[in-house]
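Asker: Just passing along the structure, written as structure tokens.
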Amino acid sequence: MRIGYDASPIRRRRSGIGYYASALLDALAAEFPEDRFLVLSHLGRVGPSRANVVTTQRLAFPIKELWMQLGLRRTLSRARPDLCHFTNSVAPLGLDLPYVVTVHDLSLVRHPEWHPRTRRLWMRRILRPSILGARRVLCDSEATRRDLLDWLPLEESRTAVVPLGVRASFCRTCAPEERDAVLLRYGLSKPYFLYVGNIEPRKNLPALADAFRAGAPDGVELILAGRRAWLWRGVARRLGPLEREGRARRLDYVAEADLPALYQSALALVYPSRMEGFGLPVLEAMASAVPVIASDIEPLASLVGDAGWLAPPDDVAAWASALAEAARDGDRRARLGQRARARAAGFTWERTARETMAQYRAALA
């Protein structure tokens, strides 16, 4: 099979969807060496160096949205794949090739106020027809699939839940010298709670700051590892007082290679998001044997289960209590960390690749 694979989210400083597109492509190419994967990206040459991964465009295209609706058509007319997979909700409108699309979450539909105005205007035109035109719609979680079916007149049989995986680098125990080197690189010397993810409104970081002030003991820091994504200035203002007091620090973007040691040196991962499609940092922390304090929303509640603390995203008192307990009870952190690693063991990119390939074949049946 010749599969056109949308690698446009794979960029140098990638976040959750970029990690998804990258890890899935690598696993697909490894698991299915007899198939050819034609890399589609406005950035030109991206993707793993494998014999069955083929670059279709060598030069970069400056505007991703115009590339997908105009430039990509020329590439596809030459390459003529059997099927395309669009990895971030949208596809070229009126495409005459069968395709599959992955929808990670519907925050832009449910809460447009969490997104920039330009994105809202653009996606209002393209999101709905992109999904309705797909042979199969893949969702990271049942929560996203239910949202999708509530929103669109889509046959349930055309949808499938394909959970994400976690790279093997997060499943190993870092050597003490590796952890020490990463802590030194980022200037971390105190116990800390860790947040990993974009700085954006949906992640609910102002509520986390209030809970940290109320519940975390002196001498413990709040470390935020993530790029400033969109509408981040209001979030930064709420974090400002904690930063000025020396109780919180933003590390900006952290390379994937440093994340395992950063996770394993933390008291716990904190993830107060108001809406998630999956919650990849939560799974990475769990695979690293780190307990999680997360919102009790789906799909996070099902992912964490009994391997961490769960609290309503805007219940500052409940979050403060969980932070205080996690900071003082090392034995419970250790128990929850081992339970978390066991729960995460079933989530592999190889499994994601096999389930995704099954949907490709169903789309062509």
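Quick note: the coordinates plus some simple rules give every number you see, no bench work behind them. Quick caveat: nothing in here was measured; it's all calculated off a predicted structure. Every residue, glycine among them, receives a Cβ derived from its backbone with ideal geometry; neighbour counts consider all protein chains shown.
Asker: Report, by chain and number, residues whose modeled amide H sits under 5 Å from the one on L43, excluding near sequence neighbours (fewer than 5 apart, same chain).
Answerer: For L43, the qualifying residues are F61.
Asker: Run the helix sum for the chain: -39,500 (n - 2.57) per DSSP H stretch of 4+ residues, divided by residue count, reported at 222 nm to the nearest 500 deg cm²/dmol. Let's see the in-between values first.
Answerer: Details: 14 runs with 150 residues, N = 365.
The helix-only estimate for the chain comes to -12500 deg cm²/dmol at 222 nm.
Asker: Which length gain, in nm to one decimal place, applies between A342 and E142 when the Cα-Cα distance is subtracted from 0.36 nm times their residue separation?
Answerer: Details: separation 200, 0.36 × 200 = 72.00 nm, distance 2.14 nm.
Length gained, A342 through E142: 69.9 nm.
Asker: Sticking with this structure for a sec: Quick one: Cα convex hull volume of the chain, Å³ per residue?
Answerer: Details: hull volume 49.0 nm³, N = 365.
Expressed per residue, the convex hull around the Cα atoms of the chain is 134 Å³.
Asker: I need to check one value: relative contact order of segment 223-325, counting alpha carbon pairs closer than 8 Å and at least 6 residues apart, in percent.
Answerer: On the way: 122 pairs, mean separation 19.9, N = 103.
Once divided by the residue count of segment 223-325, the mean separation gives 19 percent.
Asker: Order the peptides 331-341, 307-317 from the highest to the lowest mean number of other Cβ atoms within 10 Å of their residues.
Answerer: Numbers: 331-341: 17.1, 307-317: 19.2.
Going by the mean number of other Cβ atoms within 10 Å, highest first, we get 307-317, 331-341.
Asker: Subtracting the Cα-Cα distance from 0.36 nm times the residue separation, let me have the gained length for W151 to R13 in nm, one decimal.
Answerer: Numbers: separation 138, 0.36 × 138 = 49.68 nm, distance 3.18 nm.
Once the chain is fully extended between W151 and R13, it gains 46.5 nm.
Asker: How are the Cα pair distances of segment 168-344 distributed, in percent, across 10 Å bins from 0?
Answerer: Going from the shortest bin to the longest, the percentages are 11, 42, 40, 8.
Asker: Ranked from highest to lowest mean number of other Cβ atoms within 10 Å per residue, what is the order of the peptides 120-127, 10-17? It would help to have the intermediate numbers written out before the result.
Answerer: Details: 120-127: 14.4, 10-17: 16.8.
Descending mean neighbour count gives 10-17, 120-127.
Asker: Output the relative contact order of segment 1-159, whole-number percent, from Cα pairs under 8 angstrom with separation of 6+ residues.
Answerer: Values: 257 pairs, mean separation 30.2, N = 159.
It rounds to 19 percent for segment 1-159.
Asker: Something else about it: Net charge near Y192: determine it from the other residues with C-beta under 11 Å of the C-beta of Y192, scoring Lys and Arg +1 and Asp and Glu -1.
Answerer: On the way: positive: K190, R247, R249; negative: E221.
Net of charged neighbours comes to +2.
Asker: Follow-up. Which FRET efficiency value, to the nearest 0.05, do you get for L70 and E178 by plugging their Cβ-Cβ distance into 1/(1 + (r/R0)^6) with R0 = 51 Å?
Answerer: Details: r = 46 Å, r/R0 = 0.90.
With a Förster radius of 51 Å, E is 0.65.
Asker: Something else: What's the center-to-center distance, using Cα atoms, between segment 344-360 and segment 138-153 in Å?
Answerer: 19
Asker: So, R0 is 25 Å and r is the distance between the beta-carbons of D82 and E31; what FRET efficiency does that work out to, to 0.05? Write out the running numbers ahead of the final one.
Answerer: Values: r = 17 Å, r/R0 = 0.70.
So the FRET efficiency works out to roughly 0.90.
Asker: Given segment 168-344, what percent of its DSSP beta bridges are antiparallel, to the nearest 5?
Answerer: Numbers: 0 of 19 bridges.
Of all bridge pairs located within segment 168-344, approximately 0 percent are antiparallel.
Asker: With an 8 Å Cα cut-off and a minimum separation of 6 or more residues, compute the relative contact order for the chain in percent. Please list the in-between numbers first.
Answerer: On the way: 704 pairs, mean separation 58.6, N = 365.
Answer for the chain is 16 percent.
Asker: Separation of segment 5-63 and segment 257-312 by C-alpha centroid, Å?
Answerer: If we compute the Cα centre of each part, the gap is 27 Å.
Asker: Still on this model: Taking H placed 1.01 Å from N in the peptide plane, check which residues at least 5 places from W309 or on another chain put their amide H under 5 Å from its amide H.
Answerer: Under 5 Å from the amide H of W309 lie the amide H atoms of V292, I293, A294, each far enough along the sequence or on another chain.
Asker: Separate question: Among the DSSP beta bridges whose two residues both lie in the chain, what percent are antiparallel, rounded to the nearest 5? If you can, show how the numbers build up before the last one.
Answerer: Details: 0 of 40 bridges.
So the antiparallel bridges in the chain amount to around 0 percent.
Asker: Could you please rank E298, E34, E177, placing first whichever residue has the fewest other Cβ atoms within 10 Å of its Cβ?
Answerer: E34, E177, E298
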